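Derivation of every value follows stated rules applied to the coordinates shown; laboratory data play no part. Quantities reported herein were computed from a predicted structural model and do not represent experimental measurements. Cβ sites come from the backbone with ideal geometry, for glycine too, and all protein chains shown count toward neighbours.
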Amino acid sequence: MFSLGDLYQQVIIDHTKAPRNFGKLEPCNHDAEGYNPLCGDQLHVYLQVNDEQIIEDITFEGQGCSISTASASLMTEALKGKSLSAFQGLFDAFHAMATADMDDKPNEEVLGKLAVLAGVKEFPSRIKCATLCWHTVKSAMENAAQSARTE
Amino acid sequence: MMNIERIRNDFPVLHQELYGKPLVYLDNAATTQKPQCVIDTVRHYYERDNSNIHRGVHTLSERATAAYEASRETIRAFFNAKSSKEVIFTRGTTESINLVASSWGGANIGKDDEILITHMEHHSNIVPWQMLCKRTGAILKVVPMNQAGELDMDAFASLLSERTKLLGVVQMSNALGTINPIQSMIQQAHAVGAVVLVDGAQAAAHMPVDVQALDIDFYVTSAHKMYGPTGVGVLIGKQALLEAMPPYQGGGDMILMVTFETTQYNDLPHKFEAGTPNIAGVIGFGEAIRYIQAIGFDNIVPREKVLLNYATVQAQNFDGLKQIGVAKEKACVLSFVMDGIHPHDLGTILDREAVAIRAGHHCAMPVMQFYKVPATARASFSIYNTEAEVDALFAALTKARDMFA
Ligand SMILES: Cc1ncc(COP(=O)(O)O)c(C=O)c1O
């Protein structure tokens, strides 16, 4: 059984208390709002993507639980400087990790630091907290008019 | 005096461990647990009496019908409705309000009429009225509240006018615990000719309600918050109002005579009970009411007050905790936020300590907007909760605080 400590690892507490890349981004050419109606988590992501389809900069704003805040903070660190195709790969890997079977090990090679969030899969009501920011970036890239929802 | 140990023994679900610790169930405002007698009653119906009601001449149908109608009488007496014709079974509070908004509202509300609700309503007492306003061009007005979570009664008085056609008010707020002064509100609303719907979903298990003494036009509540089954509730309406209302849904049981040209509707209460109802649920609801009656509000009210006070004192002395909702008149609800810890995280951490609370907006987003919080954590109490369980709650909160220190 995963313990609370597996979910609330120190890295997560750190990012909750001091989220990285927090605030509005200017200039920015992609942004989207994400909302989790269950708990009221709300976040906004801003991206500046250049002509080579590289995420030059990415920030987020909003309020949410520690899992959603830390996840967004870690995500911005992971995505800065990455190409859009690399984003898709990370999106898939993250999603797989969050919804994997209990015994599956996260793909740390792809996920790197993001693997600290693997604990959410043991807490079904919290999976959406971790995935919200990823869905929001996806909808920002697709420039969806609607705010993102966790499926 | 209430014997809490004996009461706890009536509730099988309480006697289990989660993660190696005894369950502490403090989410009673969401739904209460069910005593063995209710479980047995539902089970008895399915094992011995199961059949449709009002339809068969055979023995089982007669037994089921008798038990179903006996529940109606039990519930009539419990709320002191004038007649069992005024007691309409529904799927719950939500459906009861939708029934009134749709049937009464459709017949009585027009353009520029005003519907008055309060800032602390549950979504189920907001959205049906918004929908009605959208259909009819009526206007939704909202009674404001103060920081303590009490309605502003001066503002209420000034919002009332002859344009006010309906007042919808929650008797006890699920998000704050506030008990509203419905008696005075009903009198004032009646003075301008408005009809009053009281949402008793939270209140009905915690305090006696006499719909005649209070002169309530429509009273709605849900069985599952009163130790009864889910999926069943009641609308108690004044007979004259109900008689004048068109049916809500059409179908079996709500008719006397059907031809392809026309249909003659059945009498009250059947006019509003189309289709096969939640028979087992209604029968279980009746048993839940008898369970409450056997303990008695004379015992329940003071006991629940003592427990809430016990919890409130601990909350006041807990560093970093801010209560949301400190009305002078309140019951059974301790809603709060904590510095630096989101309610959702509290919910998860407490769960691993086997303490079940609710974290979220409690279907009362306007209340969250008022306090400028995304969500609150809410511990809500019931007849079977103990001081030791309150201690377990605060021990778990201490743990959460330490984790985020
Ligand atoms: C004050 C209040 N009103 C209405 C409701 C809706 O009740 P139900 O979901 O049983 O229809 C609730 C339940 O959460 C409530 O607490």
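Between the Cα long axis of helix A:84-98 and the first principal axis of chain A there is an angle of about 20°, rounded to the nearest 10. Annotation: average projected area of the range B:283-351 is 6.6 square nanometres, based on the convex hull of Cα atoms across all directions. Across the range A:4-149, counting alpha-carbon atoms alone, Rg and Dmax equal 14.1, 43 Å. Per q in 0.11 Å⁻¹, report the Debye log10 I(q)/I(0) for the range B:212-321, using one uniform scatterer on each alpha carbon and no solvent. Here the Debye-derived log intensity ratios amount to -0.57. Look at B:Val87, B:Val57, B:Val170, B:Val313 and count the other Cβ atoms within 10 Å of each Cβ; fewest to most, that gives B:Val57, B:Val313, B:Val87, B:Val170. Across the range B:65-112, Cα-Cα pairs farther apart than 12 Å form 69% of the total. Hey, if you drop one equal point scatterer on each alpha-carbon of the range B:16-162 and run the Debye formula without solvent, what base-10 log of I(q)/I(0) do you get at q = 0.10, 0.16, 0.20 Å⁻¹? With no solvent term, the Cα-only Debye profile gives -0.63, -1.08, -1.24.
Sorted from greatest to least, the principal axis extents spanned by the alpha carbons of chain B come out as 73, 55, 35 Å. For a modelled paramagnetic label at B:Lys305, 7 Å from Cα along Cα-to-Cβ, the residues of the range B:201-241 in reach, with backbone nitrogen under 15 Å, are B:206-208. Here, the protein assembly as shown yields an orientationally averaged convex hull projection of 29.5 nm² when only Cα atoms define the hull. Dipole check for the protein assembly as shown: with +1 at the C-beta of Lys and Arg, -1 at the C-beta of Asp and Glu, and the Cα centre as origin, the magnitude is about 840 Debye. Under the convention that each Lys and Arg Cβ holds +1 and each Asp and Glu Cβ holds -1, the size of the dipole of the range A:24-151 around its Cα centre is about 300 debye.
Taking 0.36 nm per residue of separation and subtracting the current Cα-Cα distance, fully stretching the chain between B:Glu73 and B:His58 would add 3.1 nm. Residue separation of B:Leu140 and B:Asp210 scaled by 0.36 nm, minus their Cα-Cα distance, works out to 22.4 nm of gained length. Measure nothing fancy, just the Cα-based angle from helix B:279-295's long axis to the longest principal axis of chain B, in degrees from 0 to 90, nearest 10. Between helix and principal axis, roughly 50 degrees. The C-alpha atoms of chain B define a longest principal axis, and helix B:182-191 lies at about 40 degrees to it. In the structure shown, do any of A:Lys105/A:Lys138; B:Lys34/B:Lys399; A:Lys128/B:Lys34; A:Lys24/A:Lys80; B:Lys82/B:Lys330; A:Lys82/A:Lys113 have a Cα-Cα gap over 19 Å, and if so which? From the list (A:Lys105/A:Lys138; B:Lys34/B:Lys399; A:Lys128/B:Lys34; A:Lys24/A:Lys80; B:Lys82/B:Lys330; A:Lys82/A:Lys113), the Cα-Cα distance tops 19 Å for A:Lys105/A:Lys138; B:Lys34/B:Lys399; A:Lys128/B:Lys34; B:Lys82/B:Lys330. For B:Leu18 and A:Asp103, a Förster radius of 25 Å and the Cβ-Cβ distance give a FRET efficiency of 0.65, rounded to the nearest 0.05. Here is how the number arises for chain B: DSSP H runs of 4 or more residues each give -39500 (n - 2.57), the sum is divided by the residue count, and the result at 222 nm is -11000 deg cm²/dmol.
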